[in-house]
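What follows is a set of notes on a single structure, which appears directly below.
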Amino acid sequence: MPSASGGRLSRRPDARLWQIAGRLVKRLWRVPHLGHDERVRSSVNAVRISGGRAVRRILLGAVACLAALSLAACGLQIPRDPDGTLDRVSGGELRVGAVEEPGLVETDGPSPDGPLPELVRGFADTLDARATWRVGSEETLVAALEQGELDLVIGGFTDQTPWIEQAGLTRGYRDIEHADGRNLVLLVPMGENAFLSALERYLDEEVGG
């Protein structure tokens, strides 16, 4: 349609429309009582009434991305245990492998003693579980962990441990007594993320993250 000056109307979207539509979409995704589907529908409607073909194309793409990210986040919020370690241990038995490490794990008594075994016993208490012990070398105990015979292995392991491909690791804790500046880690079965998260929450409370 010709303009008053005889030319054609510009198809460039008005900058104000960009701002208005963008604000509408942003606000809709912050409304707490709206479900995922309602947010998507409302956002699409906001884009449709914003005017401008270019605006619609770009903002509809943005809405689609937000929807996909929202669904992905929903699936990643809760750590899971493929083998159900946390559920099995809770109210039952926590099977622990202990590697001798002076100042951290002493294995010459009837059961392991030292800062790390005491932390493990405290963690077991939070799960209403009973800690049982197997003493051995790193190689033997990591193999048992891989085979599902143990739930946890402790020793002088640090965040530089070579066992990273055979076991899951907690984050490093340098404030454990007798850590001597090392970032100590505990080993758990690979992929048992709910169990790992519960252990790290306990360690964070006891010795700091």
Only one of Ala129, Ala198 that is of a type in the set (A, V, I, L, M, F, W, C) and over 23 Å from the mean Cα position of the chain (by Cα) | Ala129
Yes/no for Leu150 being assigned to a helix (DSSP H, G or I) and either within 23 Å of Arg201 (Cα to Cα) or free of Cβ contacts under 8 Å to residues at least 24 places away in the same chain (or both) | no
Look through segment 75-92, keep the residues that are modelled with pLDDT of 95 or more and polar (S, T, N, Q), and return whichever of them is farthest from Leu150 (Cα to Cα).
-> Ser90
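Please work out if Val185 is surrounded by 18 or more Cβ atoms within 10 Å (Cβ to Cβ) and either without any contact (Cβ under 8 Å) to a residue 12 or more places away in the chain or over 21 Å from the mean Cα position of the chain (by Cα) (or both).
Working: surrounded by 18 or more Cβ atoms within 10 Å (Cβ to Cβ): yes; either without any contact (Cβ under 8 Å) to a residue 12 or more places away in the chain or over 21 Å from the mean Cα position of the chain (by Cα) (or both): no.
Taking the combined requirement at face value, the residue does not satisfy it.
Is it the case, given these coordinates, that Val135 is in contact with a helix residue (DSSP H, G or I) (Cβ under 9 Å, 6 or more places away or on another chain), surrounded by fewer than 22 Cβ atoms within 10 Å (Cβ to Cβ) and over 19 Å from Leu203 (Cα atoms)?
Numbers: in contact with a helix residue (DSSP H, G or I) (Cβ under 9 Å, 6 or more places away or on another chain): yes; surrounded by fewer than 22 Cβ atoms within 10 Å (Cβ to Cβ): yes; over 19 Å from Leu203 (Cα atoms): yes.
It is true that Val135 is in contact with a helix residue (DSSP H, G or I) (Cβ under 9 Å, 6 or more places away or on another chain), surrounded by fewer than 22 Cβ atoms within 10 Å (Cβ to Cβ) and over 19 Å from Leu203 (Cα atoms).
So which residues in segment 90-123 are of a type in the set (A, V, I, L, M, F, W, C) and touching a Lys or Arg at 6+ places or on another chain (Cβ under 9 Å), if there are any at all? Lay out the reasoning, then the answer.
Initially, segment 90-123 is screened for residues of a type in the set (A, V, I, L, M, F, W, C), giving 94, 96, 98-99, 104-105, 116, 119-120, 123.
Leu94, Val96, Ala98 - these are the residues of segment 90-123 that are of a type in the set (A, V, I, L, M, F, W, C) and touching a Lys or Arg at 6+ places or on another chain (Cβ under 9 Å).
Could you count how many residues in segment 124-139 are in contact with a Ser or Thr (Cβ under 8 Å, 6 or more places away or on another chain) and either of a type in the set (Ser, Thr, Tyr) or within 22 Å of Asp108 (Cβ to Cβ) (or both)? Spell out how you get there, then give the answer.
Here is the first cut: in segment 124-139, the ones in contact with a Ser or Thr (Cβ under 8 Å, 6 or more places away or on another chain) are 127-129, 133, 135.
So of that shortlist, the ones also either of a type in the set (Ser, Thr, Tyr) or within 22 Å of Asp108 (Cβ to Cβ) (or both) come out as 133, 135.
Looking only at that region, the number is 2.
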Mind telling me which of the residues Arg121, Arg57 ends up being surrounded by fewer than 19 Cβ atoms within 10 Å (Cβ to Cβ), at pLDDT 55 or above, more than 22 Å from the chain's Cα centre (by Cα) and over 30 Å from Thr170 (Cβ atoms)?
-> Arg57
Filter segment 153-171 for residues that are outside any helix (DSSP H, G or I) and among the β-branched types (Val, Ile, Thr); the one that is nearest to Val105 (Cα to Cα) is Ile154
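Within segment 94-123, how many residues are among the basic types (Lys, Arg) and part of a helix (DSSP H, G or I)?
So the count comes out to 1.
The values are calculated or read from the model by the stated rules, or taken from the named source; none is laboratory data. Predicted model, so just to flag it, every value in this text is computed and none were measured. Positions of Cβ are generated from backbone atoms using ideal geometry, with glycine treated the same way; all protein chains shown enter the neighbour counts.
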